[in-house]
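This report refers to the structure that appears directly beneath it.
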Amino acid sequence: MLTDVMEAMSFIGSAGVYLSLLVIVYWCLDPRQGARAAVLLSVGSALTTVLKLFFHEPRPFWTDASVTGHEPLASFGMPSGHALCAVVVWGFAASQVPAGRPVLRRAAWVGALTMIGLIGASRVVLGVHSVAQVAAGYAIGAVVLAVGLHLEPLAVPWWRRRPPTAQLGLALGASAVLAGMGWAAVEALDGWDWPASWARAIAAAGGRAEPVTVGESFAAAGGLFGLLAGLSWTAHRGGYDASGPVWRRLARVPVAAAGVLAFYTLGLFLGTQPVQAFAGSALLALWATAGAPEAFMRLGLAPRPTRAVPRVGEERAEVRQ
């Protein structure tokens, strides 16, 4: 019974579930809040992939025969990505409750801390993380959340004042830094090989110890690039308004999901080599943040903003008329 509950909490705390919920918030409810949380989650996920490579620390069930691994994971254990993302997502959600509603705000933080605690505990009970790995995830997640919320009032207006080409370059630069960190971490592992006991433990859990590569780091970096580039492009086009009747909001989900499936399938064909992994994730994020909203507007499922931001050069053209 306990294992079943912990598996459910672990599933709820996975990055895939968070991303699915956040894109629905972005498409159908509140684009601004969905985008803010998605950027924080994307940064946290990318950092997790880099730090796992840097520390290359084993998961408990790899080294302790008394620990049962309930998930056949072959990625390193330090820090816990579930713990990190739980702090970022649930902490962000609680932080958005207005201070003027103290009772609701306290309830939100109690709920958030409960979810954070249960998700972290699930990773220990399932044998895939040590307490120290979960604690490290909590600490890093808290830093990501605090820094993100602190810098946002300065960073977002500064970003918006940059021309679209500069925004694209900044997005590419930020993702390149994270990809480069992953590459450096893998290079530092040159000559490293799986200890036989670790490989056997992974195989016993149903997994396989694959060669360590930068594919996952490049995929995470590509997702961040696509997210920032897509949000910037959408803002330059005038933004995205998620309002509308309930049926139209609901109708957006299958339209967007069809695109997600198409780009996800394309990513599978592209493969897991670094550049292909980067491109596949970038295309998927671009569709979610820019392509899908444009499709909604063209299909009449979302209103087109009444005041569009002029494209580069249009301001001068209007002056000449």
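The values are calculated or read from the model by the stated rules, or taken from the named source; none is laboratory data. Here the structure is a predicted model, which is why all the values come from computation and not from measurement. When we count neighbours, we look across all protein chains shown, and the Cβ atoms used for this are built from the backbone with ideal geometry, even at glycine.
From the list GLY267, GLY280, exactly one residue is at pLDDT below 90, farther than 20 Å from LEU301 by Cα and crowded, with 19+ Cβ neighbours inside 10 Å. Which is it?
After ruling out the rest, the residue left standing is GLY267.
Among the residues of segment 240-252, are any hydroxyl-bearing (Ser, Thr, Tyr) and assigned to a helix (DSSP H, G or I)?
Checked against the condition, which is being hydroxyl-bearing (Ser, Thr, Tyr) and assigned to a helix (DSSP H, G or I), segment 240-252 yields no hits at all.
Please work out which one of (1) surrounded by 16 or more Cβ atoms within 10 Å (Cβ to Cβ); (2) of a type in the set (A, V, I, L, M); (3) out of contact with any Gly (no Cβ under 9 Å at 6 or more places or on another chain) is the condition LEU261 fails and give its number.
(1)
Only one of ALA308, ALA229, ALA251 is surrounded by fewer than 20 Cβ atoms within 10 Å (Cβ to Cβ), modelled with pLDDT of 95 or more, of a type outside the set (Asp, Glu) and out of contact with any Phe, Trp or Tyr (no Cβ under 8 Å at 6 or more places or on another chain); which?
Step by step, each of ALA308, ALA229, ALA251 is checked, and only ALA251 is surrounded by fewer than 20 Cβ atoms within 10 Å (Cβ to Cβ), modelled with pLDDT of 95 or more, of a type outside the set (Asp, Glu) and out of contact with any Phe, Trp or Tyr (no Cβ under 8 Å at 6 or more places or on another chain).
Here are some conditions: (1) of a type in the set (D, E, K, R); (2) surrounded by 17 or more Cβ atoms within 10 Å (Cβ to Cβ); (3) at pLDDT below 95. ARG105 meets all but one. Which one does it not meet?
With respect to (1) of a type in the set (D, E, K, R); (2) surrounded by 17 or more Cβ atoms within 10 Å (Cβ to Cβ); (3) at pLDDT below 95, ARG105 is out only on (2).
Taking the criterion of being closer than 19 Å to ILE116 by Cβ and of a type in the set (A, V, I, L, M, F, W, C), would at least one residue in segment 54-64 satisfy it?
Checked against the condition, which is being closer than 19 Å to ILE116 by Cβ and of a type in the set (A, V, I, L, M, F, W, C), segment 54-64 yields no hits at all.
Here are the criteria: (1) in a helix (DSSP H, G or I); (2) of a type outside the set (Asp, Glu); (3) without any contact (Cβ under 8 Å) to a residue 24 or more places away in the chain. Tell me which single one SER66 does not satisfy.
(1)
Check whether at least one residue in segment 212-232 is without any contact (Cβ under 8 Å) to a residue 60 or more places away in the chain and either outside any helix (DSSP H, G or I) or closer than 29 Å to ARG32 by Cα (or both), and report yes or no.
no
Return yes when GLU187 is under 25 Å from ALA279 (Cα atoms), touching a Ser or Thr at 6+ places or on another chain (Cβ under 6 Å), part of a helix (DSSP H, G or I) and of a type in the set (Asp, Glu) and no when it is not.
Spelling it out, it is not the case that GLU187 is under 25 Å from ALA279 (Cα atoms), touching a Ser or Thr at 6+ places or on another chain (Cβ under 6 Å), part of a helix (DSSP H, G or I) and of a type in the set (Asp, Glu).
Starting from residues that are among the acidic types (Asp, Glu) and assigned to a helix (DSSP H, G or I), keep the ones in segment 1-54 and report whichever is surrounded by the fewest Cβ atoms within 10 Å (Cβ to Cβ).
ASP4
On the given criteria, is PHE61 in contact with a Gly (Cβ under 7 Å, 6 or more places away or on another chain), modelled with pLDDT under 95 and aromatic (Phe, Trp, Tyr)?
Yes, satisfied.
Which residue is nearest to ALA285 (Cα to Cα), if the candidates are limited to segment 247-263 and must be without any contact (Cβ under 8 Å) to a residue 60 or more places away in the chain and touching a Leu at 6+ places or on another chain (Cβ under 6 Å)?
In this case the residue turns out to be PHE263.
Considering ALA121, ALA166, which residue is surrounded by fewer than 20 Cβ atoms within 10 Å (Cβ to Cβ) and free of Cβ contacts under 8 Å to residues at least 60 places away in the same chain?
Going through ALA121, ALA166 in turn, the sole match is ALA166.
From the list ALA188, ALA242, ALA205, pick out the single residue that is in contact with a Lys or Arg (Cβ under 8 Å, 6 or more places away or on another chain) and either at pLDDT 95 or above or not acidic (Asp, Glu) (or both).
ALA242
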